[in-house]
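Asks: One structure is given below, represented as structure tokens, and several questions about it will come after.
The values are calculated or read from the model by the stated rules, or taken from the named source; none is laboratory data. All values derive from a computational prediction rather than experimental measurement. Note that each Cβ is placed from the backbone with ideal geometry, even for glycine, and that neighbours are counted across all protein chains shown. Surface accessibility is based on the protein's heavy atoms, side chains included, excluding ligands, DNA and RNA. Shrake-Rupley method; radii C 1.70, N 1.55, O 1.52, S 1.80 Å.
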Amino acid sequence: MGSKSVVDMIEASSGAHFSGFHMDGSLGARSNGQPTTSASDGIYNQPFVIGVAGGAASGKTTVCDMIIQQLHDQRVVLVNQQLLSAMEKLRQGKAVDIPKYDFKSYKSDVFPARRVNPSDVIILEGILIFHDPRIRELMNMKIFVDTDADVRLARRIRRDTGEKGRDIATVLDQYSKFVKPAFDDFILPTKKYADIIIPRGGDNHVAIDLIVQHIRTKLGQHDLCKIYPNLYVIQSTFQIRGMHTLIRDSQTTKHDFVFYADRLIRLVVEHGLGHLPFTEKQVITPTGSVYTGVDFCKRLCGVSVVRSGESMENALRACCKGIKIGKILIHREGDNGQNLIYEKLPKDIADRHVLLLDPILGTGNSAVQAISLLIRKGVPEANIIFLNLISAPQGVHVVCKKFPRIKIVTSEIETGLNEDFRVIPGMGEFGDRYFGTDDDDEPPVAATAAAKNGS
């Protein structure tokens, strides 16, 4: 029997089919099957997608149920080995109808189709879900449930004889001829794609608790952070929210704007420094005790995008004594055309980690210009950390898609851009407000070049 037949048999015998869903919690406003988008330009609120694979009777469903139970206050949907098109619809906030498979008759048209509504978390379960790379790319987390073969066989015998009306001889014959060979040839090799491997399945409560904690952390993040793992938004507090309120207020004085902008910039810089590599270091305290800590990254420099980026230099110098800071000037011609007209960078910048400074990420075009220049100068993409106060989703998409290995650290994600490509709600012309120039003045080229829209 060919490999295709083996795959068909393993699917038919182990329940990797479109067998409905498990829903926990109220669907609220999204239960009508309509796509949910942001307030700006139709960017979907992306669910957190988890793939759970493993051999037949390994405990995949038990693991899924335990995760769902602990996420009882979230909208969670469990789908058994879904099709690509249906997964895309669920990720876009649309409901789908899924046939329910009947294990006794081996048919999917015995029972009426089940409606699966969009949710905050989608758990995709199936023995072969890691096989198709297109499906893997949809997953934010991939889990492989690894259970001993003897345990899986015992569970299979108990399940198939009790729930599916099969005799033991049939179960053992099917297992030896099809299930075990197919597991060895097709399922076990996909284990290498897993982010997390859970030994003992549902009995491993520690592993499941850690997974649930991670999911809760991700659910608390902005939707863009679920799409781009290299995007970091500092955790909001009432203090941070209050400072944003002040610097966004058009009536705030220059003195107060600079004061609270500097406080926010300092927080962003400190958070960005936390993403630098470190080495372990032991020191002797004044009490004669040994303290095991870390040593800061030494090969570091800043690069500001003139002129708004220069507002972030003082905070960087306050955190990193004696740090070298280079400058990039990008002159704008029209809405989307950018020309690099000036750069002054450390000669050894290729050997350093770089903190790129620009308080506003708007369209992302200037950021792409600046990052491309750094890469041409020999800086590895993974060594660049882009720091800004606020980021428009459009700019995040542009930068993260083109440079997936850089890190972006920001304090808030904006609604989007208006028809003039200005960030909204935004905070106005950052450079003018910070440095005290106004629209009636005619600043020099260096002052005009990068003040509008940010990056």
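Asks: Would you say residue 232 is in contact with a Lys or Arg (Cβ under 8 Å, 6 or more places away or on another chain) and aromatic (Phe, Trp, Tyr)?
Replies: yes
Asks: A follow-up question, please. Out of all the residues in segment 228-245, which are part of a helix (DSSP H, G or I) and either surrounded by fewer than 18 Cβ atoms within 10 Å (Cβ to Cβ) or among the charged types (D, E, K, R) (or both)? Explain how you work it out, then say what you get.
Replies: We begin by selecting, within segment 228-245, every residue part of a helix (DSSP H, G or I); these are 238-245.
If the condition is that a residue be part of a helix (DSSP H, G or I) and either surrounded by fewer than 18 Cβ atoms within 10 Å (Cβ to Cβ) or among the charged types (D, E, K, R) (or both), then 238, 239, 240, 241, 242, 245 are the ones that fit.
Asks: Turning to a different aspect of this structure: Any idea which of (1) in contact with a helix residue (DSSP H, G or I) (Cβ under 9 Å, 6 or more places away or on another chain); (2) modelled with pLDDT of 95 or more is the one residue 299 doesn't satisfy?
Replies: It fails just one condition, (2).
Asks: What single numbered condition from (1) modelled with pLDDT of 50 or more; (2) farther than 28 Å from residue 189 by Cβ fails to hold for residue 28?
Replies: Condition not satisfied by residue 28: (1).
Asks: Return the total of residues in segment 43-64 being modelled with pLDDT of 90 or more and open to solvent by 20 Å² or more (accessible area, probe 1.4 Å).
Replies: 1
Asks: A further question on this structure: If I ask for residues that are closer than 15 Å to residue 82 by Cβ and open to solvent by less than 20 Å² (accessible area, probe 1.4 Å), which ones from segment 129-154 would you list?
Replies: Those that are closer than 15 Å to residue 82 by Cβ and open to solvent by less than 20 Å² (accessible area, probe 1.4 Å): 129, 130, 135, 138, 139.
Asks: When you scan segment 249-266, do you find a residue that is open to solvent by 90 Å² or more (accessible area, probe 1.4 Å) and of a type in the set (Gly, Ala, Ser), even just one? Full working, then the answer.
Replies: Of all residues in segment 249-266, those open to solvent by 90 Å² or more (accessible area, probe 1.4 Å) come to 250-251, 254-255, 259, 263, 266.
Adding the requirement that they be of a type in the set (Gly, Ala, Ser) leaves 250.
Yes, that holds for at least one residue.
Asks: If you scan segment 257-296, which residues turn out to be without any contact (Cβ under 8 Å) to a residue 12 or more places away in the chain and either among the aromatic types (Phe, Trp, Tyr) or closer than 25 Å to residue 356 by Cα (or both)?
Replies: Of all residues in segment 257-296, those without any contact (Cβ under 8 Å) to a residue 12 or more places away in the chain come to 259, 274, 282-291.
The answer is 259, 274, 291.
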